[in-house]
Structures are given as C-alpha cells and as structure tokens.
Amino acid sequence: MVKFNTAVQALMLLFQVMDSQQTVSDRYYVALYRKLLDPGLSQCSKQGMFLNLLYKSLKVDVVARRVKAFVKRLLQVSCEQGPTFACGALFLVSEVMKSKPGLKLLLQDNEKLSAGGRLVQFLGHCRQM
C-alpha cells in the first residue's frame, strides 16, 4: 500500500496536470474522496498540503453534489483528527462556501430535511470527545 504522504504528492501532480488542461476527471475526485478515510491521514506530516489540495480541488469542481459530499465527509473525518486538522478543515469549509454560494443552500436544505438537524447533533458529539 502506498504511504499517505506519497499519495498526496501524486494527487497534487495529477491535479496540476488536469487543472492546466481544465479537465479534472471523476476518477481523480474518487481517489481524493477515498483518501479522506485513509487511516494514514492522522499520522501524516502533510495534512496541510492535503487540505490545500482538497481546497483547490473543491474550488474548481463544477458538480455541486460532489462538493457537498466532500464537505460532509471532511466534517465527519475532522471529528476524529487532531485540533489543528479540525481547525484547518473548518476554515477550508468556510472558504469553499464563500466561493460556492450554492453550497450553503444545499446544506441548509439538507438540514431542513433531516430529523432534528443532524449537523447540530454531529457538532455536539464532537464537543463531547
């Protein structure tokens, strides 16, 4: 299995090549999404680099539902990581929401549909940890 740091650098290279051609593929986003659940994330030395890559990738993504899925997964993962990663992830989410105003509406619609606002329950669970 490839080390997390090496995988992040490979994903960064892929993103640079695809972004220069303005064709970031679905396969790239699938690989990036899977890296969010990689157990090596908690011990890697390149968490900041990973969050930066994630931000750049989400900023250029045109599929709103995919960006929403990334944000949800990132918030879930942040609860299990250290405080520096969690703060970086929250800042990333706020910056992505600034650049994609439609994302805020998608998240608000989801909160109305969920029973009792699961995001509020999730944040309460994080505080208890």
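Observations on the structure shown:
- Residue among F91, F85 that is at pLDDT 85 or above, under 14 Å from the mean Cα position of the chain (by Cα) and closer than 18 Å to R34 by Cα: F85
- Residue match in the stretch 11-18 (condition: part of a helix (DSSP H, G or I) and polar (S, T, N, Q)): yes
- Every condition in (1) closer than 23 Å to L103 by Cα; (2) touching a residue at least 12 places away in the same chain (Cβ under 8 Å); (3) part of a helix (DSSP H, G or I) is met by V30 except one, and the failing one is (2).
- Any hit, the stretch 110-117, residues being modelled with pLDDT under 55, part of a helix (DSSP H, G or I) and among the hydrophobic types (A, V, I, L, M, F, W, C): yes
- Scanning the stretch 71-89 for residues that are over 15 Å from Q43 (Cβ atoms) and part of a helix (DSSP H, G or I) yields a total of 12.
- For T23: the one exception among (1) exposed (fewer than 15 other Cβ atoms within 10 Å of the Cβ); (2) touching a helix residue (DSSP H, G or I) at 6+ places or on another chain (Cβ under 9 Å): (2)
The values are calculated or read from the model by the stated rules, or taken from the named source; none is laboratory data. This structure is a prediction, so every number in the text was calculated from the model and none was measured. As a convention, Cβ positions derive from the backbone with ideal geometry for all residues, glycine included, and neighbour counts pool all protein chains shown.
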